[in-house]
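S.K.: Have a look at this one.
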Amino acid sequence: MLPNFETQRLLIRPRTMADFEACLDMDRDIEVTKHIPGPWHDPEQHEAFVRQRMQADYGPGLGYGTVVDRFHPDRFLGWILLIPADGTGPEIEIGWRLVRKAWGKGYATEAAVPVVRHAFATLEADRIVAEIAPRNAASLRVAQKLGLSDAGMRDDQGATWKRFQMTRSDFASLEATGR
C-alpha cells in the first residue's frame, strides 16, 4: 500500500474503508467527476466500483492515498493514487481527485510531489504516466507543474485522454535542479 506522507499543509495516508463514504460523496459531485467515465449515477455500481478500488492489492508501495488537511485530519480533501496503469500495468499511473472545496489551492500538486518522489526514489520506477481528459484544465496544469511531459493522446474506454509521462531521468533532472 501507499505509505504515509506529510507536506506543509497535507497528510497523505493509505486509503481505508473508513474513507468510503467521503469518497462516494466526492464522486457524487458532478463537477468533480465530469471528466471521468464511471458509474457515478448508479448507486449500486458506484459503491461496488469504489469498494473494489479500495480493497484491491496494487502491489508493494502502490495504492491510493487519502489526502487530508494536516491541521484538521478529519477534513477529507480527496485522494491520490499510484497504481498499475489500467489496474494491470506494467506502467505505473499517478492520479488525483479532490473535493470541490479543495480546488484551486495547490493541494493536488502538493500531494503529488512526495508520491512522485516515492515512485522513483523508493520504488525505482522507470516511468510514471497520467491520463487526463483534454478539457480538464486544472489537472492538465497539475501534470505540468509536476514536470510530467506530453506523451500524446490515447483512446481508452470510449474516451480520448491526454497522456503525460515522467521517466527516471526526467525525475533525476528535476531533483538536481532542486524542484
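The values are calculated or read from the model by the stated rules, or taken from the named source; none is laboratory data. Model, not experiment: these values are computed from the prediction. Because the Cβ atoms are built from the backbone with ideal geometry, glycine has one as well, and the counts that use them run over all protein chains shown. Please note that ligands, DNA and RNA were not included when accessible areas were found on the heavy atoms of the full protein model with its side chains. Shrake-Rupley method; radii C 1.70, N 1.55, O 1.52, S 1.80 Å.
S.K.: I'm checking my understanding of the structure. Among residues of segment 85-116 that are assigned to a strand (DSSP E or B) and aliphatic (A, V, I, L, M), which one is farthest from residue 21 (Cα to Cα)?
M.R.: Among those residues, the one meeting the criterion is 92.
S.K.: Output the residue which, of all residues in segment 133-179 that are open to solvent by 40 Å² or more (accessible area, probe 1.4 Å) and either part of a loop (DSSP other than H, G, I, E, B) or β-branched (Val, Ile, Thr) (or both), is farthest from residue 117 (Cα to Cα).
M.R.: Looking at the filtered set, the residue picked out is 158.
S.K.: While we're on this one: Scan segment 9-50 residue by residue and report those that are modelled with pLDDT under 95 and aliphatic (A, V, I, L, M).
M.R.: Matches in segment 9-50: 36 only.
S.K.: Are there any pairs, at least 6 apart or on different chains, whose C-beta atoms fall under 8 Å, with the first in segment 119-137 and over 21 Å from residue 58 (Cα atoms) and without any contact (Cβ under 8 Å) to a residue 60 or more places away in the chain and the second of a type in the set (A, V, I, L, M) and open to solvent by 40 Å² or more (accessible area, probe 1.4 Å), and if so, which?
M.R.: What qualifies is 134/153.
S.K.: OK, next. Determine whether segment 116-132 contains at least one residue that is surrounded by 12 or more Cβ atoms within 10 Å (Cβ to Cβ) and touching a Pro at 6+ places or on another chain (Cβ under 9 Å).
M.R.: Within segment 116-132, one or more residues are surrounded by 12 or more Cβ atoms within 10 Å (Cβ to Cβ) and touching a Pro at 6+ places or on another chain (Cβ under 9 Å).
S.K.: Quick one: how many residues across segment 129-161 are touching a His at 6+ places or on another chain (Cβ under 6 Å) and hydrophobic (A, V, I, L, M, F, W, C)?
M.R.: 1
S.K.: Still on this structure, please answer the following. Between 82, 2, 24, which is of a type in the set (A, V, I, L, M, F, W, C), part of a loop (DSSP other than H, G, I, E, B) and open to solvent by less than 20 Å² (accessible area, probe 1.4 Å)?
M.R.: Exactly one of 82, 2, 24 is of a type in the set (A, V, I, L, M, F, W, C), part of a loop (DSSP other than H, G, I, E, B) and open to solvent by less than 20 Å² (accessible area, probe 1.4 Å), namely 2.
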